[in-house]
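Here the structure is laid out as structure tokens; the discussion comes afterwards.
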Amino acid sequence: EPALSIRGLTKVYGNGFRALKGIDLDVQQGDFFALLGPNGAGKSTTLGVVCSLVQKTEGKVSIFGIDIDRDFAKAKYQLGVVPQEFNFSQFEKVLDIVMAQAGYYGMKRSEALPRAKQLLTDLGLWDKRNGSARMLSGGMKRRLMIARALMHRPKLLILDEPTAGVDIELRRSMWEYMRRLNRDEGTTIILTTHYLEEAESLCRNIAIINNGEIVRDTSIRELLAEL
Ligand code: ADP
Ligand code: ADP
């Protein structure tokens, strides 16, 4: 079964705006997948529905075969999410932020602490663990969100514009980190981006969304061959 399957997804916001007009999408297990489109295309809305942050109007969404309407509580264990906005308390300590996530997923402290150490080390944040999050640079905050999202070892990681506003050097190191995660741990990764270059550098498959509709769904190789 696919890591993510979306059928006939529509979203009409409270003001009557149709942000998604019937989207179909499959992302296979182990894939590195880009959802590419201009600002306002519907990328965040799509991911919001998958993460159950946005209530859909119509359609079906399954994560590893689990229908999110039936059992989001179960599906969420397979899912790690890195939203665009920083959504942790700036006054909490870095280590506490990732440990709170572990608690939320029912991990024991004895299991969570080594996991936190490994992730924060790999992401260059272990030295900062006892400082409060507001002391971190923007790029560090973004990496903190990645560490937090990975604490419970999700099989599917979803990142909304992970490198927006990140400088080129850090962007490269984040790309390398995501590549390793996909290659070495087999984590399925879906990211949204409005840079073709980012999709091209990282991803195997791509869907292009515009005006709430999927206009292409193909491999990067095929797409590039056409350009
Ligand atoms: P829903 O229909 O999912 O409940 P709402 O229409 O109630 O969503 O809007 C949720 C929030 O998003 C509101 O605070 C609203 O003001 C805000 N919002 C409205 N329009 C936009 C927009 N174009 N982009 C982002 N946020 C918006
Ligand atoms: P993207 O992530 O591709 O930039 P979004 O999914 O954030 O696009 O937004 C898609 C469209 O839906 C945009 O036109 C946006 O203004 C609108 N939109 C987003 N959130 C809301 C909301 N809460 N209420 C009304 N319109 C919204």
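Table for the structure above
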quantity	calculated
Failed condition for residue 163, given (1) in contact (Cβ under 8 Å) with a residue 60 or more places away in the chain; (2) in contact with an Asp or Glu (Cβ under 8 Å, 6 or more places away or on another chain)	(1)
Looking only at region 24-46, and only at residues there that are over 16 Å from the mean Cα position of the chain (by Cα) and either among the basic types (Lys, Arg) or surrounded by fewer than 22 Cβ atoms within 10 Å (Cβ to Cβ) (or both), the one that is nearest to ligand 1 (Cβ to nearest atom)	40
Every residue from region 1-37 that is among the hydrophobic types (A, V, I, L, M, F, W, C) and away from ligand 2 (no atom under 16 Å from the Cβ)	3, 4, 27, 32
Condition met for residue 49 (among the β-branched types (Val, Ile, Thr) and surrounded by fewer than 20 Cβ atoms within 10 Å (Cβ to Cβ))	no
Out of 76, 11, 21, 56, sole residue that is under 19 Å from the mean Cα position of the chain (by Cα), surrounded by 14 or more Cβ atoms within 10 Å (Cβ to Cβ) and either within 16 Å of ligand 1 (Cβ to nearest atom) or of a type in the set (Ser, Thr, Tyr) (or both)	56
Conditions (1) within 16 Å of ligand 1 (Cβ to nearest atom); (2) surrounded by fewer than 21 Cβ atoms within 10 Å (Cβ to Cβ); (3) not in a loop (DSSP other than H, G, I, E, B); number of the one not met by residue 85	(3)
Selection status of residue 60, over 17 Å from residue 217 (Cα atoms) and away from ligand 2 (no atom under 16 Å from the Cβ)	yes
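Every number here is computed from the coordinates shown, using simple stated rules; none is lab data. Remember, predicted model here, so these are calculated numbers, not experimental data. With ideal geometry, Cβ positions are generated from the backbone for all residues, glycine too; neighbour counts draw on all protein chains shown.
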